[in-house]
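Peer 1: Supplied in structure tokens, the structure appears directly below.
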Amino acid sequence: MQPRSLGLQRIPGARRFAGPPTSFLVMTVAVIQVVGTLFSASHQDAPRPLDGLAILLLLAGPAGLAFRRRAPQVMLPVALTATGAYLALGYAWGPIVLSLALAIVLTAAAGLRWQAWTGAGIAAAAVITAATLAGDENWPLRASAGVAWAAILVLIGQGFRRRSERIAEFRRRSEEARKAERDEYRLTLARDIHDVVAHSLSMINVQASVALHVGADDPNKLRPALEAIKAASKESLTEVRQLLGVLREDVPLAPAARPSLARLPELIQNAELGGLKVTLQDLSNADSVGPAQQEAAYRIIQEALTNVGRHSGARSAVVRVDQTAGALTVAIDDDGAGMGGALPGNGLTGMRERAAALGGTLTLHELKPGLRVEATLPTEPEGNLP
């Protein structure tokens, strides 16, 4: 797993409807208005023929749309002025209202709600006035249609804006979830590094002390101690290299095998090389336990044995792994000094976090003498495990 970051730029204020590129929109509307009006004028008798001023007004509305990103508040006044002047001068009817309609939609989509409603109201009032003055018997129907379309255009723009806001909110929450996942993943890696380094260095320290103690009196015991140091250091370096490779988001040279319950005998053997007598009672069925639970159980036992060897002064320990319906339980008992009133350190905190990450619990029980570390990890069918 290699978390990746996704850069999202937050736009201050209201989020604007993206839509097509501005240049494409301006050119398309300009062509439609000019060509459409020229074609329409050739099939109707208008009080005033098209001239240079008419063409300028036909282009002014689309030109106002060019401000939709830099200054969206400019679009609607320009479109209203150009459209109103064109129609008031008596030029031929045509698709002149296209730029006005788009200006209303884009203004509402930019979050300028009151400006959009005001512009739509002005346009509707103009339609009602024109229909009334024309003396048409159907003027109420025409006026109602104009008002309805003005309102519909504003609502369409607001719909675009709400959709954009929902998308932005979804992206923000997705980014927060990815960030939380990355943080949790790095925390897990940090716990793994702590467990590997603490366990290996503890065993290396114990074996080095044994080698120094027996080296002069019994050379035959020196070689096993040095071999244990070599094996522990090699394993530790391999695991730390793999973990750091993932932490740096590099591609590991070779996939690192996740610790499992099958490696418990090896773990027990390494602990016994330090002089601690360990008894393993494994009543679990590894085939029915998911890899996440197996790794957590292994790491908890590893850290517990490391603490026993370093702090408790114990001579023996018992590791029990039991499996019941829906849960895997591991318990590590020792005959050492126990907590002695000391506060839990990073190791115990890490074990609790491992158990909690899988919905489980970890508890400490004072024995007489010694201490019991007990963790309960819920199990699920392997297909549902993370």
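The values are calculated or read from the model by the stated rules, or taken from the named source; none is laboratory data. In this text, all values refer to a predicted model and were calculated from it rather than measured experimentally. Cβ: placed from backbone, ideal geometry, glycine included. Neighbour counts: every protein chain shown. Areas reflect the complete protein model, heavy atoms only, side chains present, ligands, DNA and RNA absent. Shrake-Rupley method; radii C 1.70, N 1.55, O 1.52, S 1.80 Å.
Peer 1: Restricting attention to region 269-282, and to residues there that are at pLDDT below 85 and not small (Gly, Ala, Ser), which single residue is most open to solvent (accessible area, probe 1.4 Å)? Before the answer, list the steps.
Peer 2: Just the residues of region 269-282 that are at pLDDT below 85, to begin with: 269-276.
From the residues that got through so far, the ones that are not small (Gly, Ala, Ser) too are 269-270, 272-273, 276.
Values: Gln269: 112, Asn270: 31, Glu272: 81, Leu273: 72, Leu276: 16 Å².
For region 269-282, the residue satisfying everything is Gln269.
Peer 1: Counting just the residues of region 1-48 that are in contact with a Leu (Cβ under 9 Å, 6 or more places away or on another chain), open to solvent by 70 Å² or more (accessible area, probe 1.4 Å) and part of a helix (DSSP H, G or I), which one comes out modelled with the lowest pLDDT?
Peer 2: So the first thing to find is which residues in region 1-48 are in contact with a Leu (Cβ under 9 Å, 6 or more places away or on another chain), and the list is 14, 16-17, 19, 22, 25-26, 29-30, 32-34, 36-38, 41, 47-48.
With open to solvent by 70 Å² or more (accessible area, probe 1.4 Å) added as a condition, the list becomes 16, 32, 38, 47-48.
Now restrict to residues that are part of a helix (DSSP H, G or I): 32, 38.
Numbers: Ile32: 91, Leu38: 88.
Residue satisfying both the conditions and the ranking: Leu38.
Peer 1: I'd like the full set of residues that are under 17 Å from Val35 (Cβ atoms) and open to solvent by 60 Å² or more (accessible area, probe 1.4 Å), limited to region 53-96.
Peer 2: Once the filter is applied, which keeps residues that are under 17 Å from Val35 (Cβ atoms) and open to solvent by 60 Å² or more (accessible area, probe 1.4 Å), region 53-96 yields Leu56, Leu59, Trp93.
Peer 1: May I pose another question? Of the residues that make up region 254-268, is at least one of a type in the set (Val, Ile, Thr) and modelled with pLDDT of 70 or more? Explain how you work it out, then say what you get.
Peer 2: If we filter region 254-268 for residues that are of a type in the set (Val, Ile, Thr), which is where we start, we get 268.
Cutting the leftovers down to modelled with pLDDT of 70 or more gives us 268.
Yes - at least one qualifying residue is present in region 254-268.
Peer 1: Still on this model: Suppose we keep only residues that are in a helix (DSSP H, G or I) and of a type in the set (Lys, Arg) within region 272-311. Which one would you say is nearest to Met351 (Cα to Cα)? Write out each step before concluding.
Peer 2: From region 272-311, those in a helix (DSSP H, G or I) are 272, 286-288, 291-311; that's our starting set.
When the remaining residues are screened for being of a type in the set (Lys, Arg), the result is 299, 310.
Values: Arg299: 8, Arg310: 16 Å.
Step by step, filter region 272-311, then rank; the result is Arg299.
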